[in-house]
Structures are given as C-alpha cells and as structure tokens.
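What follows is a single structure, and I will ask about it in a moment.
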C-alpha cells in the first residue's frame, strides 16, 4: 500500500500536462480542419463529401491500428509506442501541408498525410488511458481525476480547434496542416522528458496467453464493455456530425465566416469542455455514480439532438440546443473513460481501452460523411432518428451496466 502511494505521489504536474498534451494535439489535428473545410473545398476544387473524407481518412487509419498499438503497449511499454506514433503524426502534417502549398492538385497527398496522422493517432491517443491507470495503480479517485483532466484536454482541444484553425487559415489556408507538426513536436519533447513510466518487474505476458486472457475478459464482461463501446462510438458520431453541420450552416445560411465562425463553433464545445472537467473531478471511481451519470447524459443528449434540425435558421436557438447536447456529451465521455480504465486488469488494460478508442474513432470517421449525405434532404428526420437511438442506448445501459457485478469483478481482479 505504501509503495502505491509513493508511486502516486511521484506523478508530477509536468507528467500529467505531458500526457494531456497528446489528446490535445490529436484533437487539434482533426477538429482544427472542420471550420476550414468550406475554404478547402474552394481552394482544392473538391465536393463537400470529398472534404469530409479529409476528416474520415484520419479516423479510418486509426480504427484498424489502435488495437495493434494497444497490444504493443501492453507488451513493450506505453512510451515506446507513443513516441514513434507522434513522429508519424508530425510527418503526416508536413506531407499534407507541403502538398497543399506546392502541388496543383493536392487532394491525394493531403489524404496520404492524413492517413499517416491517423496511424500516429492510433499509437498515441488511446495509450494515454492505460498509461494513467499504470501511473496511479490502485488509487481510483486519483485515476478518475486525472482521466477527467485528460478528457478535458481532449475537449479543450475541440474548443480551441475552430478558433485556431480559422486564425491560421486566415494567414494561409494550408497553415493548419503545418501547425499539427509543430504541436506534435512539442508533445514529443514533453513525453520524452517528463513521463516516467514505472518499470515492471514481471515478465511481459506471451502473445498466446495475452490472447487467451483478452478473450476471457471480453467473455466475462462483454455486456457492459460493449455497452461502453457503443456509447463511445455513437456520441463521437453525433459530435462530429453536428460540428460538420455547424461549419456548413454558419457559412451558407448565416453568412458567418473565418475567425468569427471559429468562435461561434467554439461555444457548444466550450460547454462540452466545462462539463467534462466538472464530471472528471467528481465521479471519483464510483461505478454507481458513473451509471447514473450515463443515464442522465443519454436522456439529455437524445432530447436536445432531436431539435437541432428545427433550429438551423435561428442562430441563438441553434447554439442553445447544440450547447445542451455538448454538455451531455462532455459529461458522458470521462465517465466512459473511467469505466474502462478502472475496471480492467492492467495486463489487458491497454488492449481493452484501445478497442474502446477504436469505437470512438468509428464515430469520428462516420459523422462528417453521413452528415454530408443527409444534410440536404433528410436533416430533421436524421436528427430525430439520432435522438431515438440515444433513448435505445439508455435502456441498453440501464440493463447491461450492473454496478454490483462490475465492482465485484474489479475487487477480485
């Protein structure tokens, strides 16, 4: 017990900031491009659907490689996987930026650069969750608090993204691509110097045993795990679909462009960020509280999203409704993170949390292209269907997240 407390006390503020820089950088790498997509469409000469693929290509690359990165981090160490991944993200930003600057028809090379960034994201962002669990060992309260800060960094990146993306694009439209490389470099330096991962005395689990243990974990805890996965995928799909929709609506319906548009998009994201921070500080490893928060957030999110389409012509109402949805999503995300990180054994933590991160990236990948296809003719009905799906997820979570079973399994682990 004393050793665990010493381990916890040795986690410096700079270590926490360094870990928080990863989701911040990876979020900037994706969300920063959303407000400039209409500009990019004109400059590169592509359709709305093609511009959505600039977001989606990043996420698709991450979806398939995240579980691999999770296993490698369990096998060889978190830091060994994170640093090369951040270097790939840096290189991807340089390729996309240079192509936009120097090549007449840069779309193909932009996609290549974005795929490389997605590969980098796969090996960096999801590994932060199990890394937090490793550093804080059995201290669930401090783990929850740190995870709240990590998720807040993620959501703060979403708040900062539309503003920073718009400001940079006002100087040069392709500057956001290069800025991703700069931010990745800063994160690389911080992780290298400030994150001290505890050395493991035990031998790494062999692949065959690891595979067997992972299968047992999924079989034993599949109900609540898949419930968390589905919720993670759905809320990220909803978030990125709505962000894509807001970016298009503000420019085409309300004639709000450039830096001003970035600040307007940041309003619901700021609400999301605040809710994420407050929730992360208060859940304190309590599974019962996590379940109640999940229920409340799903209801609020489902009701608010159903009204978004009806408020598209009224800017103030649109921002109120999207802000309410943002609060619900912001409160839900650290709860889902904590459920995964605090209730899975360390040996499988990296892999299980990586599947969860893959599920979230599926939502990120699907949101913009789906919205680009339904926005013109099926907007209202799409948002109503999304609200109905949210209610279905409410009942699934109510039935599948069983507090006594999760806490019992966690205690026996």
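FYI, it's all coordinate maths here, none of it is from the lab. Because the structure is predicted, anything quoted here is derived from the model rather than measured. With ideal geometry, Cβ positions are generated from the backbone for all residues, glycine too; neighbour counts draw on all protein chains shown.
Using a 10 Å cut-off on Cβ atoms, rank the peptides 247-258, 331-342, 105-116 from the highest mean neighbour count down.
331-342, 105-116, 247-258
Just to verify a number: FRET efficiency for residue 257 and residue 373, C-beta to C-beta distance, R0 = 35 Å, to 0.05?
For R0 = 35 Å, the calculated efficiency reads 0.90.
Then there is this: Listed highest first by mean packing, meaning other Cβ atoms within 10 Å per residue, what order do 92-98, 56-62 come in?
Listed from highest to lowest mean packing, they are 56-62, 92-98.
When Cα extents along the principal axes in Å is calculated directly from the model, which label among (i) 60, 50, 43; (ii) 60, 45, 36; (iii) 90, 59, 37 fits?
Recomputing Cα extents along the principal axes in Å here gives the entry labelled (ii).
How many angstrom lie between the Cα centre of region 111-159 and the Cα centre of region 230-283?
19 Å
Given a Förster distance of 51 Å, report the FRET efficiency between residue 303 and residue 172 from their Cβ-Cβ distance, rounded to the nearest 0.05.
Values: r = 42 Å, r/R0 = 0.82.
For R0 = 51 Å, the calculated efficiency reads 0.75.
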